[in-house]
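Structure first, then comments.
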Amino acid sequence: MSRQRPFVGMFMNLAEGDREISARRESFLRGIGQIPGLTIANCYGAGDFGNYRNKAQALRDLVVDGSGPDLYFTGCWPSLRALNGVVKDKPIVFAGMANLREDPAATDEYGKNVYGFISYGKNLCGEWVRLLRAVKPTVARAAVVYDMDRERYNAKWVYDEIVAQAQKLSPKLDATRAIDCGSATLDADLARFVKEAGTPAGVIVGVSVLAAAKRQAIIKFAADHKVPVVYPNRLYTFSGGLVSKGTYIQGLYHSAGQYARKLLLKEEPPPSPRIDITQTGLDSSKKAVFETVINAKAAKAIGLELEPSVLKSADLIID
């Protein structure tokens, strides 16, 4: 190691005061373990995409013991992209990214210095659709909330896959209504959809930094309009949302910490595979590590009585 105190720069996508930050950071630190003199600096994105590159540069330019970070850690694509643009000679580890390509573990779209964990592919999109129908069997129309300005970052692919999977249900679910979570009129757009649906309606929230930042507004909408909403991970259900299905985020952060340790300490062999899909279920030899979380209080608030089979399928029920 080039110095006695290893230095990690963390680019987190949530706001600095978000309580989820501490849980994810703690999982990463458990994975990295005890390293004498370890120094960690944090910066926060929270969907301020126009400044992501500047924030990445500022993190790169921080100095401890005469030089910048030995390794960078980040949560998903926008911050990884920003770091990739300014960091060329140090490893970058990520935890949690959608990749809907046929081979999500292909490394040609990531820099040679990038390591990390894909959180899901096409398979999870179908799980959200089926979960919405399970919690509300009569639902006929659904809106898909995602960051429409980030279409080139898999978001549009996720929307298209949700629409396709919804058509496979019997009876079919119309999930063609797209709502931009980055819109200043998000509340009004959601309310308009429910009013125009003219039939039992629901909402599916795709993975998005902006949706996570605005989760309380979406959760309040669901309660006010008594609409079932399926969320992409436990971040939302622990914040008061109805039901989520997604990768166990803390598990990914823990695994990323283990990768980071190997890279910092130059342990042999280096992390392999470099881009890991183990927990997604996309590797046919591995079972997906997806979890279903139900918030019983949220269900009661919208007058929803969940079927026993749905409750039994949950990995965690929040009372």
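Things to note:
- Only residues that are closer than 18 Å to residue 180 by Cβ and part of a loop (DSSP other than H, G, I, E, B) were counted across the stretch 228-243, and they come to 1.
- Taken over the stretch 261-282, the criterion of being assigned to a loop (DSSP other than H, G, I, E, B), farther than 14 Å from residue 91 by Cβ and touching a residue at least 60 places away in the same chain (Cβ under 8 Å) is satisfied by 273, 277, 281, 282.
- One residue stands out in the stretch 1-33 among those that are charged (D, E, K, R) and part of a loop (DSSP other than H, G, I, E, B): the one that is modelled with the lowest pLDDT, namely 3.
- Qualifying residue in the stretch 281-288 (condition: of a type in the set (D, E, K, R) and over 25 Å from the mean Cα position of the chain (by Cα)): no
- Yes/no for residue 41 being small (Gly, Ala, Ser), under 20 Å from residue 205 (Cα atoms) and outside any helix (DSSP H, G or I): no
- When the residues of the stretch 67-87 are filtered to those that are at pLDDT 90 or above and assigned to a loop (DSSP other than H, G, I, E, B), the one that is nearest to residue 10 (Cα to Cα) is 69.
- Subset of the stretch 39-48 (residues that are surrounded by fewer than 19 Cβ atoms within 10 Å (Cβ to Cβ) and in contact (Cβ under 8 Å) with a residue 60 or more places away in the chain): 46
- A search for C-beta distances below 7 Å between a residue of the stretch 202-222 that is outside the structural domain of residue 177 (by TED's automatic domain parsing) and aromatic (Phe, Trp, Tyr) and any residue that is at pLDDT 90 or above and in a loop (DSSP other than H, G, I, E, B), counting only pairs 6+ apart in sequence or on different chains, returns nothing.
- Only a single criterion out of (1) over 21 Å from residue 248 (Cα atoms); (2) in contact (Cβ under 8 Å) with a residue 12 or more places away in the chain is not satisfied by residue 195, namely (2).
- The condition of being of a type outside the set (S, T, N, Q), more than 14 Å from residue 230 (Cα to Cα) and out of contact with any strand residue (DSSP E or B) (no Cβ under 8 Å at 6 or more places or on another chain) holds for only one of 149, 174, 187, 180, that being 187.
- Among the residues of the stretch 93-149, those that are within 23 Å of residue 286 (Cβ to Cβ) and small (Gly, Ala, Ser) comprise 95, 96, 98, 105, 106, 116, 119, 121, 126.
- Residues (surrounded by 19 or more Cβ atoms within 10 Å (Cβ to Cβ), more than 16 Å from the chain's Cα centre (by Cα) and of a type in the set (Gly, Ala, Ser)) located in the stretch 239-275: 257, 260
- Residue count for the stretch 134-190, restricted to those that are of a type in the set (Ser, Thr, Tyr) and without any contact (Cβ under 8 Å) to a residue 40 or more places away in the chain: 4.
- Residue 128 out of contact with any Asp or Glu (no Cβ under 9 Å at 6 or more places or on another chain), closer than 18 Å to residue 176 by Cβ and in contact (Cβ under 8 Å) with a residue 24 or more places away in the chain: yes
- Condition met for residue 116 (surrounded by fewer than 17 Cβ atoms within 10 Å (Cβ to Cβ), modelled with pLDDT of 85 or more and outside any loop (DSSP other than H, G, I, E, B)): no
- Residue count, the stretch 78-121 (criterion: within 22 Å of the chain's Cα centre (by Cα) and under 18 Å from residue 28 (Cβ atoms)): 16
The values are calculated or read from the model by the stated rules, or taken from the named source; none is laboratory data. Treat the numbers as computed from the prediction; the structure is a model and nothing was measured. We place every Cβ from the backbone using ideal geometry, glycine too, and count neighbours over all the protein chains shown.
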